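Here the structure comes first, spelled out in C-alpha cells, and everything after it is commentary.
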Amino acid sequence: MKRAVYPGSFDPVTFGHLDVIHRAANIFDELTVSVLNNVGKSALFSVEERVKMLKEAVSDLPNVTVDSFSGLLINYAKSKDIHVVVRGLRAITDFEYELQIAQTNHKLSGGELDTMFLTTSLEYAYLSSSSVKEIACFNGDVSPCVPDFVAKELYCKYHH
Ligand code: PNS
C-alpha cells in the first residue's frame, strides 16, 4: 500500500492544488491532504474552514482523505506511517524553497521521508492562494481559479 501526504496551507484550496491532488491520487493508493495549523502565519480561513472546503473539493476521490496537523511534518508523517510527501512545482521560483524543505525533511527524518514533486499543469502555473485572495478582496472574478463554493466563501469573507 503506497501512501503519501500532501501538506500545505490551502488558504484556500485552488484549481492548482486540485490538479496536484488528482494526479497524486492516481499514483498513490492513499493520499492524505493535510492543512498546516501554523500559529505563526496569519490565514484568512480557519483550519476548520480550510479542511471543510478541501473535503468538499475532493469528495469525488475515494482514496483521498483530508486532515490537519501542527508541528513538524516529519513527526506527523511518522505518526501516520507515511514516507512520501507530495508537493507541486509551478515554476523555477518555487524550486529553491521546496528543495530546502525537502532536504531538511529528509535529513531530519533520518532518510525516512522523501519528497516527490509534481509539476503543475501549465494552465494553473500562474495560480496562488495569495493572488486569489487579492482578486477576491478587490471584487475581481476568481471563477477561473477556485471551485464555485470556494469563490462564495471568499466573497463572503471580504464582502459579507
Ligand atoms: O502551502 P505552503 O504554506 O507553501 O506549505 C508549506 C508546508 C506546510 C509544506 C511547510 O511549511 C511545512 O511542512 N511546515 C511544517 C513545519 C515543518 O515541518 N518544518 C520543517 C521543514 S522546513
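Any read-out appearing in this document is the output of simple, stated calculations on the displayed coordinates, not a laboratory observation. Model, not experiment: these values are computed from the prediction. When we count neighbours, we look across all protein chains shown, and the Cβ atoms used for this are built from the backbone with ideal geometry, even at glycine.
Summary table below
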read-out: Residues being in a helix (DSSP H, G or I), touching a helix residue (DSSP H, G or I) at 6+ places or on another chain (Cβ under 8 Å) and more than 15 Å from F45 (Cα to Cα) - total across the stretch 117-152; value: 1
read-out: Qualifying positions in the stretch 52-61 - more than 13 Å from the ligand (Cβ to nearest atom) and under 25 Å from D114 (Cβ atoms); value: V58, L61
read-out: When residues of the stretch 63-90 are limited to those that are farther than 19 Å from F10 by Cβ and surrounded by fewer than 17 Cβ atoms within 10 Å (Cβ to Cβ), the one nearest to the ligand (Cβ to nearest atom); value: N75
read-out: Verdict on A102 being free of Cβ contacts under 8 Å to residues at least 24 places away in the same chain, among the aliphatic types (A, V, I, L, M) and in contact with a strand residue (DSSP E or B) (Cβ under 9 Å, 6 or more places away or on another chain); value: yes
read-out: Pick from the stretch 102-124, criterion hydrophobic (A, V, I, L, M, F, W, C) and surrounded by 15 or more Cβ atoms within 10 Å (Cβ to Cβ), ranking: farthest from G16 (Cα to Cα); value: L113
read-out: Condition check for F149: surrounded by fewer than 19 Cβ atoms within 10 Å (Cβ to Cβ), of a type in the set (F, W, Y), closer than 24 Å to Y6 by Cα and in contact with a strand residue (DSSP E or B) (Cβ under 9 Å, 6 or more places away or on another chain); value: no
read-out: Test: residue in the stretch 45-53 that is part of a loop (DSSP other than H, G, I, E, B), more than 23 Å from K107 (Cβ to Cβ), out of contact with any Ser or Thr (no Cβ under 7 Å at 6 or more places or on another chain) and small (G, A, S); value: yes
